[in-house]
Amino acid sequence: MKMRRRDHEMSREFAEKILDECEWAVIAMLNAEGNPHCIPITIAREGDAIYFHSGKRGEKVECMRANPKICLTCVGYSNRPEHMFTAEFESAVVHGTVSEVTDEAEKTHAMRLICQRHTPQHMQEFEHTMAKQGAITLVWKLAIEDIAGKHQRFGPNGKELPSDLAAK
């Protein structure tokens, strides 16, 4: 992925950390007519795969079936410094191909990852909920083909901190 502001570019490890810690992400895709659609989702990453879920029907499902190439973005830290006309942020952008997870063991594993990440306090209900909702839930796997991390942060002196790649 070509980044215009190379001085804000961060490492792959930084981008993966943002993916692993963000509260939610947004996926952008095209429908069968070529019109854009984007929607927020909750995710869990394992290696080069990002998992998320959906219902069996809806515009998101139709879009991914029509065109499995999608873009996912998420924001980690963000701040608007009180005395500066700018914003601090950390973000990650992923491009890849999405596919429906049809193997039941992988589907259950992916849902466990998602639930452990987003609702760990309710894991005692996981088996019961999967038994009840699993058949009406689709799980999707985004294969990471390209990933980029970006940040803009300022030190206590108000000067912009260098990115981990710009500093090298």
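The values are calculated or read from the model by the stated rules, or taken from the named source; none is laboratory data. What you see is a predicted model; the values in this text were computed from it and never measured. Please note: Cβ atoms are built from the backbone with ideal geometry, for glycine as well, and neighbour counts cover all protein chains shown. Ligands, DNA and RNA are excluded from the accessible area calculation, which covers all protein heavy atoms including side chains. Shrake-Rupley method; radii C 1.70, N 1.55, O 1.52, S 1.80 Å.
Scan E59, E33 and give me the residue that is loosely packed, with under 14 Cβ neighbours inside 10 Å, touching a strand residue (DSSP E or B) at 6+ places or on another chain (Cβ under 8 Å) and without any contact (Cβ under 8 Å) to a residue 60 or more places away in the chain.
Of the residues listed, the single one that is loosely packed, with under 14 Cβ neighbours inside 10 Å, touching a strand residue (DSSP E or B) at 6+ places or on another chain (Cβ under 8 Å) and without any contact (Cβ under 8 Å) to a residue 60 or more places away in the chain is E59.
For segment 79-103, the set of residues classified as modelled with pLDDT under 85 and either under 16 Å from the mean Cα position of the chain (by Cα) or part of a loop (DSSP other than H, G, I, E, B) (or both) consists of R80, P81, E82, H83, M84, F85, T86, A87, F89, listed by residue number. Against the condition among the small types (G, A, S) and closer than 17 Å to K107 by Cα, how does A66 come out, does it pass? No, not satisfied.
Pairs linking a residue in segment 102-129 that is on the phi > 0 side of the Ramachandran plot to a residue that is at pLDDT 95 or above and part of a helix (DSSP H, G or I), with Cβ atoms under 9 Å and 6 or more positions apart or on different chains, do not occur.
Yes or no, residue by residue, for (1) touching a Pro at 6+ places or on another chain (Cβ under 8 Å); (2) modelled with pLDDT of 95 or more; (3) among the hydrophobic types (A, V, I, L, M, F, W, C):
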position: H109; (1), (2), (3): no, yes, no
position: H151; (1), (2), (3): no, no, no
position: P162; (1), (2), (3): no, no, no
position: A167; (1), (2), (3): no, no, yes
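Per the conditions (1) modelled with pLDDT of 95 or more; (2) among the aliphatic types (A, V, I, L, M); (3) farther than 24 Å from G134 by Cα, the sole criterion not satisfied by A49 is (3). Scanning segment 118-143 for residues that are touching a Lys or Arg at 6+ places or on another chain (Cβ under 8 Å) and assigned to a strand (DSSP E or B) returns L138, V139.
The residues of segment 66-78 that are open to solvent by 60 Å² or more (accessible area, probe 1.4 Å) and either modelled with pLDDT of 95 or more or not in a strand (DSSP E or B) (or both) amount to a single one, K69.
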